[in-house]
1. With the requirement that a residue be assigned to a helix (DSSP H, G or I), farther than 21 Å from SER28 by Cβ and of a type outside the set (Val, Ile, Thr), what does segment 99-123 give you?
2. Test of understanding: among VAL96, VAL89, VAL138, VAL143, which residue is in a helix (DSSP H, G or I), under 29 Å from TYR33 (Cβ atoms) and either in contact (Cβ under 8 Å) with a residue 24 or more places away in the chain or in contact with a helix residue (DSSP H, G or I) (Cβ under 8 Å, 6 or more places away or on another chain) (or both)?
3. Of all residues being open to solvent by 100 Å² or more (accessible area, probe 1.4 Å) and over 28 Å from ILE64 (Cα atoms) in segment 130-174, which is modelled with the lowest pLDDT? Just the residue, please.
4. Which number in (1) among the hydrophobic types (A, V, I, L, M, F, W, C); (2) open to solvent by less than 40 Å² (accessible area, probe 1.4 Å); (3) under 20 Å from LEU8 (Cα atoms); (4) at pLDDT 95 or above marks the one condition that ALA62 misses?
5. Looking only at segment 13-51, which residues are within 16 Å of VAL138 (Cα to Cα) and surrounded by fewer than 18 Cβ atoms within 10 Å (Cβ to Cβ)?
6. In segment 70-77, is there at least one residue being open to solvent by 60 Å² or more (accessible area, probe 1.4 Å) and within 23 Å of LEU16 (Cβ to Cβ)?
7. Do we find a residue being aliphatic (A, V, I, L, M) and outside any helix (DSSP H, G or I) anywhere in segment 35-43?
8. Would you confirm whether any residue within segment 122-129 is among the charged types (D, E, K, R), at pLDDT 90 or above, touching a Lys or Arg at 6+ places or on another chain (Cβ under 9 Å) and open to solvent by 40 Å² or more (accessible area, probe 1.4 Å)?
Amino acid sequence: MNGGTETLLRLVPMGLCVSALVIMLKNSQSSDYGSISYSDLGAFRYLVHANGICAGYSLLSAIIIAMPRPSTMSRAWTFFFLDQVLTYVILAAGAVSAEVLFLAYKGDAAITWSEACGSFGGFCRKATASVAITLAAVAFYAVLSLISSYKLFSRFDTPVPIPPPSCTGKGIEAPNNF
């Protein structure tokens with residue numbers, strides 16, 4: 001894969017994360033039953049923070065990929081590790097926010113938690129849009145994780161195992177299979 005394609009694949013989730021972040025940041029509503037804002041729910045605060053972190057990482061990694069440099073093992077491992085971590089960070093944010101939205105739409109009769117989207121429909125629609133955009137970003141991060149793992153494991157040999165020390169007790173030596 002050439003640098004231009006990967007750079008673009010890293011910039012798209014940045015745009016998605018910024019969009020999801022802005023929609024959620026501006027998400028608040030007042031009604032006869034009170035008012036609600038994204039900051040009232042921990043899952044949505046996490047979604048905003050995760051989207052901000054992932055947008056920053058996407059920009060930084062796109063800049064680094066765009067610079068022509070030879071691929072080194074440490075660079076490949078760094079991208080592999082960070083792509084994996086941020087994929088799971090944004091996936092967790094999307095999943096926990098989707099669960100909160102599910103409860104807001106459906107409620108939970110077992111614990112007498114009524115649905116809230118009947119009273120705060122605009123808030124729920126914006127939150128749904130933000131979560132959907134976040135999940136689209138998750139798909140891009142999953143593709144980036146696959147690309148970085150392919151680049152790492154196809155270009156570099158596996159580490160050479162260190163042979164075990166030979167046993168010296170009782171005249172028995174371990175076979176050297178390496």
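The values are calculated or read from the model by the stated rules, or taken from the named source; none is laboratory data. None of these values were measured; they are calculated from a predicted model. Glycine also receives a Cβ, built like all others from the backbone with ideal geometry; neighbour counts cover every protein chain displayed. Quick note on the areas: whole protein, heavy atoms, side chains included, nothing else; ligands and nucleic acids left out. Shrake-Rupley method; radii C 1.70, N 1.55, O 1.52, S 1.80 Å.
1. Restricting attention to segment 99-123, the residues satisfying the condition of being assigned to a helix (DSSP H, G or I) are 99-106, 109-111, 121-123.
Imposing the further condition that a residue be farther than 21 Å from SER28 by Cβ reduces the set to 106, 109-111.
If the condition is that a residue be assigned to a helix (DSSP H, G or I), farther than 21 Å from SER28 by Cβ and of a type outside the set (Val, Ile, Thr), then LYS106, ALA109, ALA110 are the ones that fit.
2. Answer to the check: VAL96.
3. First pass over segment 130-174, keeping only residues open to solvent by 100 Å² or more (accessible area, probe 1.4 Å): 146, 150, 153, 155, 157-160, 162, 165, 168, 170, 172-173.
Okay, now just the ones that are also over 28 Å from ILE64 (Cα atoms), so 160, 162, 165, 168, 170, 172-173.
On the way: VAL160: 69, ILE162: 74, PRO165: 63, THR168: 52, LYS170: 56, ILE172: 57, GLU173: 59.
The residue in question is THR168.
4. Condition not satisfied by ALA62: (4).
5. Scanning segment 13-51 gives GLY15, TYR46, HIS49.
6. No, segment 70-77 contains no residue that is open to solvent by 60 Å² or more (accessible area, probe 1.4 Å) and within 23 Å of LEU16 (Cβ to Cβ).
7. Kept after step one, since they are aliphatic (A, V, I, L, M), are these residues of segment 35-43: 36, 41, 43.
Next cut, outside any helix (DSSP H, G or I) only: 36, 41.
For segment 35-43, residues aliphatic (A, V, I, L, M) and outside any helix (DSSP H, G or I): present.
8. Looking through segment 122-129, at least one residue is among the charged types (D, E, K, R), at pLDDT 90 or above, touching a Lys or Arg at 6+ places or on another chain (Cβ under 9 Å) and open to solvent by 40 Å² or more (accessible area, probe 1.4 Å).
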